[in-house]
Amino acid sequence: IAAWLEMGEGTTENEGGPAVVLPPVPYKPPSWAAAPNGKLWLEVMRGGALIEKIPFDDLDCLLFGRLPNCDVKMDHESISRWALAFPARADTQTPTHPHP
């Protein structure tokens, strides 16, 4: 957390403690990224069971990582602070599942 305080911009609440300053996200969505048309969500599965639905129909990019300012928080030390950026496009149709 000390490194975050030295680097950062933005703050977030820290459960049971003082606010923590987070580093800025080092990613800018591409110019074509825009919130998708329609209702879209990411389904989080564990052991074949749906455990969470994360909506992203109002985001131009879904950010995965272990910091609190990520849209999808992944709590494991092997995962980067910002592991993956998943940009969306508004001008495409909702994808269908490729498998029956």
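Some values worked out for this structure:
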{"read-out": "Qualifying residues in region 47-88 (those that are β-branched (Val, Ile, Thr) and in a strand (DSSP E or B)) - the one most open to solvent (accessible area, probe 1.4 Å)", "value": "51"}
{"read-out": "Residues being in contact with a Lys or Arg (Cβ under 7 Å, 6 or more places away or on another chain) and under 17 Å from residue 22 (Cα atoms) - total across region 32-79", "value": "7"}
{"read-out": "When residues of region 8-33 are limited to those that are at pLDDT 85 or above and over 15 Å from the mean Cα position of the chain (by Cα), the one least open to solvent (accessible area, probe 1.4 Å)", "value": "30"}
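The values are calculated or read from the model by the stated rules, or taken from the named source; none is laboratory data. Everything quoted here is computed from the prediction, not taken from an experiment. Here Cβ is always computed from backbone atoms with ideal geometry, including for glycine, and neighbour counts include all displayed protein chains. Remember, those area values only see protein heavy atoms, side chains included, never the ligands or the DNA or RNA. Shrake-Rupley method; radii C 1.70, N 1.55, O 1.52, S 1.80 Å.
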